[in-house]
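The values are calculated or read from the model by the stated rules, or taken from the named source; none is laboratory data. Since we're looking at a predicted model, the values are computed, not measured. No Cβ is skipped: glycine too gets one built from the backbone with ideal geometry, and neighbour counts run over all protein chains shown. Just the protein is used for accessible areas: all its heavy atoms, side chains included, with ligands, DNA and RNA removed. Shrake-Rupley method; radii C 1.70, N 1.55, O 1.52, S 1.80 Å.
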Amino acid sequence: MKKYIPFQIEPKWQKKWKEAGLYLTDLSEAKDKYYALVELPYTSGDLHMGHWFTFTMGDILARFKARLGFNVLFPNGFDAFGLPAENAAIKKGIHPRDWTYKNMEKMRDQFETLGTSIDWTKTMVACDPKYYKWNQWIFLKMLEKDLAYKGKLLSNWCPTDHCVLANENVDSGKCWRCGTEVIQKEVDQWLFRITSYADRLLWQDPPQVDWPKPLREGQNDWIGKSEGVNLRFKVSGMDIYFEMFDSVPQTFMAQTFTVIAPEHPMVYELVKGTEQEKPVMEFVEKIRKKKASDRFKVDQDMEGIFTGRYVEYTPTGKNIPIWVASFVVFEYGTGVVNSSAHDERDFVFAKKYGIPLHPVMFPKDSNEALKVKNLEYCYHRAPRGILQEPAEFKGRKWQEAREDIINYIEKKGYGKRAVQYHLHDWSISRQRYWGTPIPVIYCDKCGTVPVPEKDLPVELPYKVDCAPKGKPPLATAEDWVNTDCPKCSGPAKREVETMDTFVDSAWYFFRYLDSENDVEIFDKKIAKAWMPLEIYIGGPEHALGHALYSRFFTMVFKDLGLIDFDEYAKKRIHHGIILGPDGSRMSKSRGNVVNPDKEVKNYGADAIRLYLMFLGPFDIVTSWNPNGVNGAYHFLQRVWRLYEKVDEKVEVFTSADLRIMHKTIKKATEDIEAIKFNTAIAFLMEWLNHLSRKEKVSIEEYKTFLLILAPFAPHITEELWSYFTSKKASEGKQWSIHKQSWPKFDNKYLEEEEISIVVQVNGKVRDILVMHKDIIRDKEVVETKALDSKKVQKFLKGKSVKKTVYIQGKIISFVVSS
RNA sequence: GCCCAGGUGCUGGAAUUGGUAGACAGUGCAGCCUUAAGAGCUGUUGUCCGCAAGGACGUGAGGGUUCGAGUCCCUCCCUGGGCACCA
């Protein structure tokens with residue numbers, strides 16, 4: 001037999017599969033459908049080890065389910081818009097589109113070497129107008145439904161580059177590109193009103209779909225729903241009212257001061273023309289600068305300044321001072337907070353600046369009450385705290401008084417029941433070239449006019465210089481910018497900003513189903529038949545961004561009548577990470593990148609796939625071990641050589657042969673189903689060890705082995721399978737091992753004749769007895785046999801058995817005393 | 001600081017969910033085979049005592065529940081990952 005040389009057989013079969021259309025899915029057959037998805041890759045230009053890891057997982061599930069008889073769809077596409085393309089354009093002078101398409105071609109070839117069963121006819125490319133036309137269509141629908149609007153948002157702003165910067169692109173308060181000092185500025189942006197879906201996006205317990213708990217908890221925390229009251233009071237001597245959100249209304253009588261966010265426009269109104277104007281505004285400027293720098297740590301940098309103004313706080317009849325404080329978040333609630341002794345932060349702040357406190361709930365215990373006098377207790381809400389004020393509530397437990405207090409506050413007219421969310425609307429405007437143009441036209445006469453649906457897509461002009469010029473790149477494409485108003489046909493200008501790339505990834509899995517459709521976003525019937533996804537494999541880093549936005553889009557699609565479900569994936573799993581051999585994240589700068597292409601040349605795709613899957617559970621974070629691939633390669637070679645032992649005359653199976661075969665089928669079937677590929681492979685290895693020890697191996701055993709190994713190592717198994725079926729190679733697709741049905745196991749072979757019973761004395765193993773399966777049912781027989789054991793007797797000598805515990809077929813345990 | 005994972009041999013990991021800890025691999029060591037190999041095969045590889053039989057210890061540390069704990073409970077330590085200053 002010739003040697004196992006992966007690079008001779010792998011490309012051969014990849015070509016044959018492609019020619020035969022082996023993995024094409026017929027979407028009209030939606031019965032028993034199985035739609036598996038891996039998060040789409042970005043067109044970076046290289047398929048890295050992480051892609052191999054995740055796509056192999058998806059591929060194994062896809063192949064396995066297909067073998068079980070499901071109609072499987074396993075598509076892929078490309079996330080092709082975004083900043084790296086634009087950076088490459090600036091750095092290397094390549095057009096973003098050319099850079100992206102060149103990378104994509106290379107990555108498609110790399111995917112080929114991995115040997116996946118991806119159906120590449122169902123695909124999408126984010127930067128293709130055929131795709132982003134529908135981003136624009138969604139935008140128009142959002143506008144219609146008042147889910148898209150133009151608003152102002154406080155952002156990191158680089159005045160030189162004229163763009164908003166993400167936190168990670170601000171280096172010590174300076175722009176990462178040009179080094180200009182970043183300022184906090186209110187910027188006009190297009191926003192999606194995701195907040196109006198906040199309640200629907202909240203996860204219920206138990207959840208409707210099988211998504212990871214950390215993701216669900218994370219999203220709920222991110223949405224951050226909190227209920228309470230909005231208190232409303234007049235600023236003394238001014239025609240200004242303060243609205244303050246309070247999630248613990250029980251403490252409203254404890255308010256002794258109020259704090260306002262430095263960014264709040266009202267700060268200036270408060271101090272204008274007073275002697276406090278100069279110091280307060282200087283303070284505001286100082287905090288703005290601090291916040292713009294990434295070094296700002298609230299707890300360490302808690303500072304404030306008195307505005308000289310007071311709020312007329314009617315519940316207590318007192319005027320309470322208004323402070324500007326660094327720790328107040330402008331974006332949350334109203335940006336104004338009522339402060340009391342019962343909040344830790346407020347307490348610390350008050351202590352720092354000598355502001356008087358007035359606690360209104362005390363612990364029950366009198367000893368604890370002493371501490372209260374020293375105010376040590378005031379900063380937190382004593383769990384067993386008893387309210388003292390208002391007088392109507394004296395003596396009640398604070399937790400239980402909540403609803404009554406809220407009603408009381410409403411009745412007295414101090415404020416109203418209110419709900420606050422941490423979640424804010426999704427800003428989709430980007431001052432970039434390489435993204436979906438926002439389909440809006442500005443006309444001097446008609447104002448903001450949406451591009452009519454019939455004029456979609458608004459295509460990106462090709463000739464645009466991306467270099468920073470103090471305005472968005474698209475603004476420089478004058479031919480493109482200047483257009484006619486769709487309403488009055490007068491001169492008008494296009495929106496020059498583009499969409500966030502998270503828009504692209506929020507719904508792409510719908511488009512795979514109908515990617516060529518230029519009449520509709522997708523065919524409703526196909527979507528109804530094929531969605532939701534059976535499984536969505538992705539990274540935990542997308543749990544808050546992508547995974548929330550895509551849920552939001554799905555709900556909007558439902559409200560648009562496109563689909564009839566809320567959640568787009570029945571199951572989501574978060575994969576692990578393959579670190580470099582040195583145990584840190586693979587990165588070019590560290591020089592610890594393991595290049596899959598190189599490994600494929602040495603060991604072949606099958607060995608790498610097998611190694612990655614054998615490494616550990618799917619969510620493992622572990623480093624690449626060069627010897628490990630060698631081990632997987634070694635295993636495949638042994639499978640290859642085992643062929644020489646196959647003898648068609650061998651039919652006699654021993655019960656041990658049958659047991660291990662059926663046990664392997666059972667374990668592999670269950671473990672793949674449960675996404676425990678590492679243990680499934682371990683059982684195959686055990687079986688291989690068993691088969692290798694035999695003189696001859698039957699055809700049935702060998703073929704069954706290949707049938708189970710096939711999803712993990714699709715090439716070598718196809719090659720070996722072909723040695724048995726070469727004559728029928730012309731018949732449809734049935735020649736392929738990947739079209740054979742999954743082997744079945746029979747429980748009758750699994751039962752063991754001889755069973756090991758562990759004998760324990762006082763919890764320690766003293767002997768292991770092998771008994772026939774028929775006698776283990778009888779406790780007394782087992783007990784007698786166990787007591788017969790010399791090894792056991794040694795430990796029973798001179799002691800009496802107080803108790804005997806027998807777990808059938810497993811263990812017999814004697815409890816003895818001396 | 002808070003939240004979520006997790007801590008098992010030299011290494012990656014396994015453990016029927018409370019029942020023989022270390023499956024399956026990798027590495028190292030010893031040996032066989034070969035003119036040779038980045039090939040193959042066999043044995044061995046948690047620690048300690050012992051020639052051996054055997055025994056003691058052992059799943060981050062300490063305590064508890066139990067006939068029996070890697071698994072359950074409490075306290076603490078450590079390592080990853082995430083975070084939103086949330087009134």
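Got at least one residue in region A:13-23 being among the aromatic types (Phe, Trp, Tyr) and open to solvent by 20 Å² or more (accessible area, probe 1.4 Å)?
Checking region A:13-23: at least one residue is among the aromatic types (Phe, Trp, Tyr) and open to solvent by 20 Å² or more (accessible area, probe 1.4 Å).
Considering each of A:Val496, A:Val503, A:Val451, A:Val458 in turn, give the residue that is among the aliphatic types (A, V, I, L, M), open to solvent by 20 Å² or more (accessible area, probe 1.4 Å) and in contact (Cβ under 8 Å) with a residue 24 or more places away in the chain.
Going through A:Val496, A:Val503, A:Val451, A:Val458 in turn, just one is among the aliphatic types (A, V, I, L, M), open to solvent by 20 Å² or more (accessible area, probe 1.4 Å) and in contact (Cβ under 8 Å) with a residue 24 or more places away in the chain: A:Val496.
Which pairs have Cβ atoms under 6 Å, sit 6 or more apart or on different chains, and link a residue in region A:461-484 that is at pLDDT below 90 to one that is in a strand (DSSP E or B)?
If the second residue must be in a strand (DSSP E or B), no pairs are left.
Is it true that A:Met555 is more than 27 Å from A:Thr121 (Cβ to Cβ) and at pLDDT 90 or above?
Yes: the conditions hold for A:Met555.
Considering A:Phe81, A:Phe111, A:Phe64, A:Phe74, which residue is out of contact with any Lys or Arg (no Cβ under 7 Å at 6 or more places or on another chain), surrounded by fewer than 22 Cβ atoms within 10 Å (Cβ to Cβ) and among the aromatic types (Phe, Trp, Tyr)?
So the residue among A:Phe81, A:Phe111, A:Phe64, A:Phe74 that is out of contact with any Lys or Arg (no Cβ under 7 Å at 6 or more places or on another chain), surrounded by fewer than 22 Cβ atoms within 10 Å (Cβ to Cβ) and among the aromatic types (Phe, Trp, Tyr) is A:Phe111.
Just give me the residues in region A:661-678 being open to solvent by 50 Å² or more (accessible area, probe 1.4 Å) and within 12 Å of RNA strand B (Cβ to nearest atom), in sequence order. Outline the logic, then answer.
Initially, region A:661-678 is screened for residues open to solvent by 50 Å² or more (accessible area, probe 1.4 Å), giving A:663, A:666-667, A:670, A:673-674, A:676.
Across region A:661-678, the qualifying residues are A:Lys663, A:Lys666, A:Lys667, A:Glu670, A:Ala674, A:Lys676.
Could you list, in sequence order, all residues of region A:346-361 that are in a loop (DSSP other than H, G, I, E, B) and either within 14 Å of RNA strand B (Cβ to nearest atom) or in contact (Cβ under 8 Å) with a residue 60 or more places away in the chain (or both)? Steps first, answer last, please.
Of region A:346-361, the ones in a loop (DSSP other than H, G, I, E, B) are A:354-360.
Once the filter is applied, which keeps residues that are in a loop (DSSP other than H, G, I, E, B) and either within 14 Å of RNA strand B (Cβ to nearest atom) or in contact (Cβ under 8 Å) with a residue 60 or more places away in the chain (or both), region A:346-361 yields A:Ile355, A:Pro356, A:Leu357, A:His358, A:Pro359, A:Val360.
Restricting the search to region A:596-624, which residues are under 29 Å from the mean Cα position of the chain (by Cα), without any contact (Cβ under 8 Å) to a residue 60 or more places away in the chain and within 6 Å of RNA strand B (Cβ to nearest atom)?
Once the filter is applied, which keeps residues that are under 29 Å from the mean Cα position of the chain (by Cα), without any contact (Cβ under 8 Å) to a residue 60 or more places away in the chain and within 6 Å of RNA strand B (Cβ to nearest atom), region A:596-624 yields A:Ile620, A:Val621, A:Thr622.
Within region A:206-242, how many residues are within 19 Å of A:Met555 (Cβ to Cβ) and either open to solvent by 100 Å² or more (accessible area, probe 1.4 Å) or without any contact (Cβ under 8 Å) to a residue 40 or more places away in the chain (or both)?
Final tally of qualifying residues: 5.
Any residue in region A:714-733 that is within 16 Å of RNA strand B (Cβ to nearest atom) and either among the hydrophobic types (A, V, I, L, M, F, W, C) or buried (at least 20 other Cβ atoms within 10 Å of the Cβ) (or both)?
Yes, that holds for at least one residue.
If a residue counts only when it is in contact with a helix residue (DSSP H, G or I) (Cβ under 9 Å, 6 or more places away or on another chain) and of a type in the set (Asp, Glu), which strands (runs of 3 or more DSSP E) contained entirely in region A:142-202 have at least 1 such residues?
Counting at least 1 such residues, we get no strands (runs of 3 or more DSSP E) at all.
Mind listing just one residue for me: the one in region A:681-707 that is within 8 Å of RNA strand B (Cβ to nearest atom) and farther than 23 Å from A:Gly616 by Cβ and, of those, least open to solvent (accessible area, probe 1.4 Å)?
A:Ser692
Quick one: count up the residues across region A:748-780 that are assigned to a loop (DSSP other than H, G, I, E, B), open to solvent by 60 Å² or more (accessible area, probe 1.4 Å) and either near RNA strand B (Cβ under 9 Å from one of its atoms) or aliphatic (A, V, I, L, M) (or both).
Within region A:748-780, residues that are assigned to a loop (DSSP other than H, G, I, E, B), open to solvent by 60 Å² or more (accessible area, probe 1.4 Å) and either near RNA strand B (Cβ under 9 Å from one of its atoms) or aliphatic (A, V, I, L, M) (or both) number 1.
Could you check A:Tyr132 against (1) surrounded by fewer than 18 Cβ atoms within 10 Å (Cβ to Cβ); (2) in contact with a Pro (Cβ under 9 Å, 6 or more places away or on another chain) and say which number it fails?
The number of the failed condition is (1).
Quick one: in region A:316-345, which of the residues that are of a type in the set (Val, Ile, Thr) and in a loop (DSSP other than H, G, I, E, B) is farthest from RNA strand B (Cβ to nearest atom)?
Across region A:316-345, the extreme among qualifying residues is A:Thr316.
Please specify each residue of region A:255-273 satisfying the condition of being open to solvent by 50 Å² or more (accessible area, probe 1.4 Å), out of contact with any helix residue (DSSP H, G or I) (no Cβ under 8 Å at 6 or more places or on another chain) and either of a type outside the set (D, E, K, R) or within 26 Å of A:His358 (Cα to Cα) (or both).
A:Pro265, A:Gly273
Output the residue which, of all residues in region A:786-805 that are charged (D, E, K, R) and not in a helix (DSSP H, G or I), is surrounded by the fewest Cβ atoms within 10 Å (Cβ to Cβ). Even if it seems obvious, please write down each step before you answer.
If we filter region A:786-805 for residues that are charged (D, E, K, R), which is where we start, we get A:788, A:790-791, A:794, A:797, A:799, A:802-803.
Restricting the remaining residues to those that are not in a helix (DSSP H, G or I) gives A:797, A:799, A:802-803.
On the way: A:Lys797: 7, A:Lys799: 13, A:Lys802: 10, A:Lys803: 9.
Out of the qualifying residues, it is A:Lys797.
Within region A:472-558, considering only helices (runs of 4 or more DSSP H) that don't extend past its boundaries, which have at least 2 residues that are over 13 Å from A:Ala569 (Cα atoms), touching a strand residue (DSSP E or B) at 6+ places or on another chain (Cβ under 8 Å) and of a type in the set (Ser, Thr, Tyr)?
A:501-505
Please go through region A:390-405 and give me each residue that is open to solvent by less than 80 Å² (accessible area, probe 1.4 Å) and closer than 16 Å to A:His342 by Cβ, ordered by number.
Within region A:390-405, the first condition is being open to solvent by less than 80 Å² (accessible area, probe 1.4 Å), and the residues that meet it are A:390, A:393, A:395, A:398, A:401-402, A:404-405.
Residues satisfying the conditions are A:Pro390, A:Phe393, A:Trp398, A:Ala401, A:Arg402, A:Ile405.
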